[in-house]
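This report refers to the structure that appears directly beneath it.
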Number of protein chains: 2
Amino acid sequence: MALQDHSSSQMTAQDLAQYLAARKAEVEHALELLVPRPDAWPEKLHRAVRHSLFAGGKRLRPILCLAAAEALGGDLEAILPAACGLEMIHTYSLIHDDLPALDNDDLRRGVPTCHVVFGEAMAILAGDALLTHGLGTFGRYPEGERYDGAKLAVVNAVVDAIGTTGMIGGQVADLEAEEISDPTPELVLSIHESKTGRLIRCSLQAGGLLSFAKDAELERLDTYGRAIGLAFQIKDDLLDVEADAATLGKSSGKDAAAGKATFPSVWGLERSREMLAEKIAEAVAAATALPRGGGRLPVLARFVGSRAS
Amino acid sequence: MALQDHSSSQMTAQDLAQYLAARKAEVEHALELLVPRPDAWPEKLHRAVRHSLFAGGKRLRPILCLAAAEALGGDLEAILPAACGLEMIHTYSLIHDDLPALDNDDLRRGVPTCHVVFGEAMAILAGDALLTHGLGTFGRYPEGERYDGAKLAVVNAVVDAIGTTGMIGGQVADLEAEEISDPTPELVLSIHESKTGRLIRCSLQAGGLLSFAKDAELERLDTYGRAIGLAFQIKDDLLDVEADAATLGKSSGKDAAAGKATFPSVWGLERSREMLAEKIAEAVAAATALPRGGGRLPVLARFVGSRAS
């Protein structure tokens, strides 16, 4: 498929909305082709996988991966399937987090969660399937021997990001923090960095590695990824306090009701908003030092800080 | 670490027992080094992972992988960590299968299952961790650029073997078969082939790929792996009917009580024993056509048919 060209880094709000919509459509089209059809054996499992994968995500991780590749002159069409692997892994983490034994969430993105529709057994297996095929995507794409070393580097980076000292560790710490009456700011920060931040950082790294980025460029992408990952989570917590439930597609104020440690609950609203602005500025600075002024990365950082849902 | 040399293919029962014990010790030593220590953050998760990983498995999959590599002149020390990845993935599948929402088993290898000791949430995450780091092992080992292509081939082979049309699909079919009052022999066969057989076949392929085996050799390994995978499952079902519960470390006759479709329940005891002998003979024939008369592979096939637990 031919990916749309987005060569100017000067964008109006409308341009950005169009860019995001176009990228989202490209990612969803590629996901359609990568995931077995709902009538392929075993049907119920594939329906469960698709239920969660096509429940209306923003596709932020693949979009960031492709934006990094775009800034570094990578082959976007070749990289697109690997970018989709990041979305599969993100979706696996949501399905397992929502299970009754973990966060016990019935609603996600305004849609009943996987175990509510397909039962707990199928939700566990659908998560396992998305983790398996998500990681498998990095072993298979982009095709061609010249990518062999970069593909292995991506597999290793993703495994580190989502393993026991990354995303899974953050989920454990999050569960354990629910039993702590007064979590420290440092604990809240470290949970978010591992639970959400690591995979976002890794999405940028994947885009860079598959574009054969230099070490200094990978470092700038990592600074950007670290800042934007944190900004994304701060904004998420702020939206939970501020937003209208209908806009958000999930119950607002739910974190506070569940006694969850969030940025606003630990730092207060005002300081959280300041931190958000600081992180966006950090991300923009790191991105503009990249080739092509970082392409779409600076404008994407500003979007993370201003999004309404 | 220096792996023991086992150069003769003529083995007495005592030699075989020593060989299996030595390989098991080598695999467990390597697993010790590959998996974070129980006091590494997050401690509870790492203790849950280790509880199941060191609960006394036979280490059949890594042993088969190493035996394939041995027959084909591979570098066993280099391949050992990848062989351990197969055991991590096998253990993930056991932890998730035992969960209350799936098979709801309290006992495995004579030891309380992961969720019984650590709770459901930790068992789900421990399984996720073993799947993640198991696949990660194939991306990382053996070290050295000359293995890049082979490592990617192993990642792809394992993902296919354990994905939605492999092990996970078999688990779905197994759950669905419980609701079928009279499963056909073909269904029982296909469930076992995907649920247990595919990962065993893949263990042989991994050993071959990482030893730079020729296509014809990989095909022979696959014939061997397919036959031995099925033999292993027939023997497992026969042991469930025949064996003393204490020897087996789990309740005997449990499959029949659960109304599970097994080889003896579908084909009868006598025909199941014949099929077992046929599969062992097939495996031995395929292995002896390999270099070095297949090394230890023929004697390992006979072991699968005669094991007492």
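Within the stretch A:93-151, the ratio Rg/Rh, alpha carbon atoms throughout and Rh by Kirkwood, equals 1.19. For the pair A:Ala25 and B:Asp215, a Förster radius of 41 Å applied to the C-beta separation gives a FRET efficiency near 0.50, rounded to the nearest 0.05.
Using the Karplus relation 6.51 cos²θ - 1.76 cosθ + 1.60 with θ = phi - 60°, the per-residue 3J(HN,Hα) values for the stretch B:276-287 come to 4, 4, 4, 5, 4, 4, 4, 5, 4, 4, 5, 5 Hz, with x marking Gly and Pro. Measuring nothing but how far apart in sequence close Cα pairs (under 8 Å, 6+ apart) lie, relative to its length, the stretch A:16-82 scores a relative contact order of 35 percent.
Taken residue by residue and averaged, Cβ atoms of other chains lying within 10 Å of the Cβ of A:137-143 number 3. Counting only Cα atoms, the stretch A:13-303 measures 51, 49, 38 Å along its principal axes, largest extent leading.
Remark: the stretch A:46-55, residue by residue, has Karplus-estimated 3J(HN,Hα) of 5, 5, 5, 4, 5, 3, 7, 5, 10, 9 Hz, where x stands for each Gly or Pro and the curve is 6.51 cos²θ - 1.76 cosθ + 1.60 at θ = phi - 60°. Modelled this way, with points 7 Å down the Cα-to-C-beta line, the labels at A:Asp182 and B:Ile180 are 6.0 nm from one another. Residues A:Leu290, A:Leu187, A:Leu86, arranged from fewest to most other Cβ atoms within 10 angstrom of their Cβ, appear as A:Leu187, A:Leu290, A:Leu86.
With its label point defined 7 Å out from Cα along the Cα-to-Cβ axis, A:Gly293 lies at 7.4 nm from the matching points of the other copies, in increasing order. Taking every C-alpha pair closer than 8 Å and separated by at least 6 residues, the mean separation divided by the residue count of chain B gives a relative contact order of 20 percent.
Shortest first, A:Lys214 label-point distances to identical copies amount to 4.6 nm, with the label point at 7 Å from Cα along Cα→Cβ. Taking the helices alone, chain A has a mean residue ellipticity at 222 nm of -21500 deg cm²/dmol, built from -39,500 (n - 2.57) per DSSP H run of at least 4 residues and averaged over all its residues. Using a Gaussian network model of chain A in which every pair of alpha carbons under 10 angstrom is joined by a spring, one finds that among A:Lys279, A:Lys151, A:Lys58 the greatest mean-square fluctuation is at A:Lys58. Once the Cβ-Cβ distance of A:Glu270 and A:Arg37 is raised to the sixth power relative to R0 = 35 Å, the FRET efficiency obtained is 0.10. When +1 charges are put on Lys and Arg Cβ atoms and -1 charges on Asp and Glu Cβ atoms, the dipole computed for the protein assembly as shown relative to its Cα centre reaches about 820 debye. Determine, from the Cβ-Cβ distance of A:Asn156 and B:Glu242 and an R0 of 45 Å, the FRET efficiency 1/(1 + (r/R0)^6), rounded to the nearest 0.05. Rounded to the nearest 0.05, the efficiency is 0.50. Ranked from shortest, the separations from the 7 Å Cα-to-Cβ label point of B:Ala22 to its equivalents in the other copies are 6.4 nm.
Taking every residue in A:44-51 and counting other chain Cβ atoms within 10 Å of its Cβ, the average works out to 2. Counting lysine pairs in chain A that sit 8 or more residues apart in sequence, or on different chains, and whose Cα atoms lie under 17 Å apart gives 11.
Taking other residues whose beta carbon is less than 11 angstrom from the beta carbon of A:Lys151, and scoring Lys, Arg as +1 and Asp, Glu as -1, yields -1.
Dipole magnitude for chain A: about 700 debye, using +1 per Lys or Arg Cβ and -1 per Asp or Glu Cβ, origin at the Cα centre.
The numbers here are math on the coordinates, done by the rules we state, and not lab data. Everything numeric in this text was worked out from a predicted model, so none of it was measured. Please note: Cβ atoms are built from the backbone with ideal geometry, for glycine as well, and neighbour counts cover all protein chains shown.
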